[in-house]
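A.B. asks: Pasting a structure below so you can have a look.
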Amino acid sequence: MVFKNPFGCGAMGVGLSNGDLPLAVLKNGCFATMSSIGLCEFDVNVRTYEDASKEAFIEEIERFQRSADDHLAELLAINVMGKLSNTPSLIKAAVDKGIKMIVYGAGLPNKLPEIVDDPSVNKVPIVSSADAAVLILRMWQRRYPLDGGTFIAPDAFILEGPLAGGHIGLTREQILHPEKYSLEIILGELLEAIRPYEQILGRKIPVIAAGGIWSGADIARFLSLGASGAQLGTRYLATYECPAKDNHKQSLIDLKAEDIVIIDSPVGLPGRVVRNEVVIKAEKNEVAIRCPYRCITTCKVKKAGFCIAHALKSTQKGALEDSLIFIGANGWRIDRIISVAELTEELIAGIEASPLTLPKERYI
Ligand SMILES: Cc1cc2nc3c(=O)[nH]c(=O)nc-3n(C[C@H](O)[C@H](O)[C@H](O)COP(=O)(O)O)c2cc1C
């Protein structure tokens, strides 16, 4: 899929890249990712949680499709988290609804080509290293060969670096060593590592860079380094169209750089968040919120200082005292809430003003 602009909005769960945000982003010529995660109320019976969450996700897709024209409806991407207990069923539900792009994060998409057997559906894994990308390519090459020596391969990769908001696929140690693991460095490594597979496939595997990308100049820099596009989260969080509550958005305007920290999420990954009371309690090994759901297969329920599902649902509701507030490392730069159109114009102007030589070919 090729969009007018080489950037767009990443998924923001729980519920923060839903509502009117994806449509506004698509209308402005950029790719947009809807989150599939935690869209139902979490106070449903634990046993019915999986069904309730799938139904709420389907309703959200249908709501989007009612407001989008057919062309835009075809362009919507949806995001799933590999660690959720009902991931395959969410993917199948989305494909049944006509979704043509599945963005798979937080886990290796070992069986994605089996779950999605429709070749017209784009399969886009999120990775944080060249090794992870090669692991996926090798696995799919072995499991899903095609005639002529090719195989079912990812349609693109999203490469999320150490400055990203939300869960991060690097270790805490790697995040703290940007001189070895910056997005620029891991992008170069990944582009080189996937080249032999591009030769086998006879096509480009576009790479979308993500994490800490703030301005058009940043996007231009990653394009000049070989990325085919850029994915932004935090910038879209601070837009009118983002369904985050006003008190949540307002709290972001007041952030200072030191308010943004890395935590060990119960999911088993580091995450970048605002250091609020929930985080401070977790740092002291106090239990702020107990888990009632068991929705994440890798959740360290007994050790967890908070239930991440409950904490993210509270963020969606604006109950900030009970929340885990995901944010990118550059979140302290938010100084006002703007429209998606204004953000898009600002980013395009920044790309156009860049003195760097940008590739002419477009792959996303
Ligand atoms: C509030 C928030 C929630 C996020 N939730 C998800 C998610 O559910 N799934 C996912 O794959 N990425 C998630 N991310 C990561 C974004 O999709 C994106 O890659 C990241 O925010 C890019 O970094 P940036 O915020 O510095 O632009 C989230 C990011 C934020 C800020």
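The values are calculated or read from the model by the stated rules, or taken from the named source; none is laboratory data. Because the structure is predicted, anything quoted here is derived from the model rather than measured. For neighbour counting, all protein chains shown are included, and Cβ atoms are generated from backbone atoms with ideal geometry for every residue, glycine included.
A.B. asks: For PRO113, all conditions in the list (1) modelled with pLDDT of 95 or more; (2) more than 16 Å from the ligand (Cβ to nearest atom); (3) under 30 Å from ILE348 (Cα atoms) hold save one; what is the number of the exception?
C.D. replies: Among (1) modelled with pLDDT of 95 or more; (2) more than 16 Å from the ligand (Cβ to nearest atom); (3) under 30 Å from ILE348 (Cα atoms), the lone unmet condition for PRO113 is (3).
A.B. asks: Moving to a separate point now. If you check ALA244 against the conditions, is it in a loop (DSSP other than H, G, I, E, B), modelled with pLDDT of 95 or more and either crowded, with 21+ Cβ neighbours inside 10 Å or of a type in the set (Asp, Glu) (or both)? So that I can check it myself, show each step before the final result.
C.D. replies: Working: in a loop (DSSP other than H, G, I, E, B): yes; modelled with pLDDT of 95 or more: yes; either crowded, with 21+ Cβ neighbours inside 10 Å or of a type in the set (Asp, Glu) (or both): yes.
Spelling it out, ALA244 is indeed in a loop (DSSP other than H, G, I, E, B), modelled with pLDDT of 95 or more and either crowded, with 21+ Cβ neighbours inside 10 Å or of a type in the set (Asp, Glu) (or both).
A.B. asks: Considering only the range 261-364, give the helices (runs of 4 or more DSSP H) lying wholly within it that have at least 3 residues that are in contact with a helix residue (DSSP H, G or I) (Cβ under 9 Å, 6 or more places away or on another chain) and more than 16 Å from the ligand (Cβ to nearest atom). Walk me through how you get there before you give the answer.
C.D. replies: Numbers: elements: 277-283, 308-317, 340-353.
So the answer is 340-353.
A.B. asks: Next question, about the same structure. Looking at (1) within 14 Å of the chain's Cα centre (by Cα); (2) within 10 Å of the ligand (Cβ to nearest atom); (3) under 19 Å from ILE364 (Cα atoms), which is the only condition PHE157 fails?
C.D. replies: (2)
A.B. asks: So is PRO6 under 19 Å from GLY212 (Cβ atoms), more than 11 Å from the ligand (Cβ to nearest atom) and buried (at least 24 other Cβ atoms within 10 Å of the Cβ) or not?
C.D. replies: Taking the combined requirement at face value, the residue satisfies it.
A.B. asks: Of the numbered conditions (1) surrounded by fewer than 24 Cβ atoms within 10 Å (Cβ to Cβ); (2) within 20 Å of the chain's Cα centre (by Cα); (3) more than 9 Å from the ligand (Cβ to nearest atom), MET139 fails exactly one; give the number of that condition.
C.D. replies: It fails just one condition, (2).
A.B. asks: Taking the range 46-60 as the search range and keeping residues that are over 13 Å from LEU84 (Cβ atoms) and at pLDDT 90 or above, which one is surrounded by the most Cβ atoms within 10 Å (Cβ to Cβ)?
C.D. replies: Across the range 46-60, the extreme among qualifying residues is GLU60.
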